[in-house]
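Worksheet: one structure, shown below.
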Amino acid sequence: MSEGSGRFHKLDAMRDALHLMSRIILSELPDDAHILCAGVGDGPELLDFAAANPGWRFTAFDIDQEALQRGQEKIAAAGLAARCTLHCGTIDTLPQGEPFDAATAFLVSHFMLDIDERRRFFSGIGGRMKPGAILLSADIASRTNDEGWLDLWGRMLRYALPPEAANRMRAALYDKVAVLTPEEVGELLTSAGFRAPRLFFQNLLMHGWYATRA
Ligand SMILES: C[S@@+](CC[C@H](N)C(=O)[O-])C[C@H]1O[C@@H](n2cnc3c(N)ncnc32)[C@H](O)[C@@H]1O
């Protein structure tokens, strides 16, 4: 289990469930697998996978220098620095290296409001992966105008956050996040060069996708 996640700490069990299912899906990778973590923030998924797999190496990137700095400190405190390389920037600026055995993109791509940018993000990740390598992606997705799901999402935010912050975040959902339907996310992954995307995880609007690089 990874460390608490700041202001969303009341939802840590949700994130831990996503990480557990991810660890299971990745569990047959080689002992020396090299994993790419896209949009890693301060590193919760990397810290979790690295602790569970002592031979795996990680390359991670994010556009937020401060989040990466916090991640770097947590990685160092956990004694994992020798196995982790962090890069501040996008997939396009990530230095070229050996192709990856797997990649994760947890709660990143839905922030790309432009669908072509979002496709380029995934195709860029695929371009750094070995053929057949595993992609795990987690995104917010919903049926269009599904008030029932959106009500439950608002309830989750009110459970996790002070009322004002919860209401602000609920109101901003469609401004800050590109909410595609689950089918559209699957089609996006296919069009970006991934094979047979399938849902392996759902918590309200949060969906986890498993696919392999074609
Ligand atoms: C909600 S956080 C998720 C962090 C982490 N993956 C997690 O599961 O907690 C989304 C992260 O995506 C990063 N991000 C957004 N657009 C990005 C891009 N084009 N390339 C890399 N990172 C990006 C943000 O800076 C932020 O750290």
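The values are calculated or read from the model by the stated rules, or taken from the named source; none is laboratory data. Here the structure is a predicted model, which is why all the values come from computation and not from measurement. Cβ coordinates were reconstructed from backbone atoms using ideal geometry, including for glycine residues, and neighbour counts include every protein chain displayed.
Here's the yes/no breakdown for (1) more than 12 Å from the ligand (Cβ to nearest atom); (2) at pLDDT 95 or above; (3) more than 22 Å from G126 (Cβ to Cβ); (4) of a type outside the set (V, I, T):
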site	(1), (2), (3), (4)
R7	no, no, yes, yes
K10	yes, yes, yes, yes
L18	no, yes, no, yes
L26	yes, yes, no, yes
I35	yes, yes, no, no
A38	no, yes, no, yes
D48	no, yes, yes, yes
A51	yes, yes, yes, yes
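Within the stretch 174-214, restricting attention to residues that are in a helix (DSSP H, G or I) and free of Cβ contacts under 8 Å to residues at least 24 places away in the same chain, which residue is farthest from T144 (Cα to Cα)? Give the steps one after another, and end with the answer.
Taking the stretch 174-214 and keeping what is in a helix (DSSP H, G or I), we get 174-176, 182-191.
Cutting the leftovers down to free of Cβ contacts under 8 Å to residues at least 24 places away in the same chain gives us 174-175, 183, 186-187, 190.
Working: Y174: 11, D175: 14, E183: 11, G186: 15, E187: 16, T190: 21 Å.
Taking the candidates together, the pick is T190.
In this structure, D62 does satisfy being under 14 Å from the mean Cα position of the chain (by Cα), surrounded by fewer than 23 Cβ atoms within 10 Å (Cβ to Cβ) and within 29 Å of K176 (Cα to Cα).
Just to be sure before I move on: is A67 within 9 Å of the ligand (Cβ to nearest atom), aliphatic (A, V, I, L, M), at pLDDT 95 or above and in a strand (DSSP E or B) in the structure I sent? Steps first, please.
Values: within 9 Å of the ligand (Cβ to nearest atom): yes; aliphatic (A, V, I, L, M): yes; at pLDDT 95 or above: yes; in a strand (DSSP E or B): no.
It is false that A67 is within 9 Å of the ligand (Cβ to nearest atom), aliphatic (A, V, I, L, M), at pLDDT 95 or above and in a strand (DSSP E or B).
Say we look at the stretch 76-107 and pick out the residues that are under 27 Å from I140 (Cβ atoms) and β-branched (V, I, T); which of these is nearest to the ligand (Cβ to nearest atom)? Among those residues, the one meeting the criterion is T90.
Among the residues making up the stretch 33-59, a single one is surrounded by fewer than 19 Cβ atoms within 10 Å (Cβ to Cβ) and under 15 Å from M129 (Cα atoms): R57.
Count of the stretch 155-193 residues, restricted to those that are farther than 30 Å from G127 by Cα and either among the aliphatic types (A, V, I, L, M) or surrounded by 17 or more Cβ atoms within 10 Å (Cβ to Cβ) (or both), is 11.
If you go through the stretch 6-23 and keep only what is more than 17 Å from L205 (Cβ to Cβ) and within 16 Å of the chain's Cα centre (by Cα), you end up with D12, D16, H19, L20, S22, R23.
Quick check, is D31 within 9 Å of the ligand (Cβ to nearest atom) and either over 18 Å from the mean Cα position of the chain (by Cα) or more than 22 Å from P99 (Cα to Cα) (or both)?
Details: within 9 Å of the ligand (Cβ to nearest atom): no; either over 18 Å from the mean Cα position of the chain (by Cα) or more than 22 Å from P99 (Cα to Cα) (or both): yes.
Criteria not met by D31.
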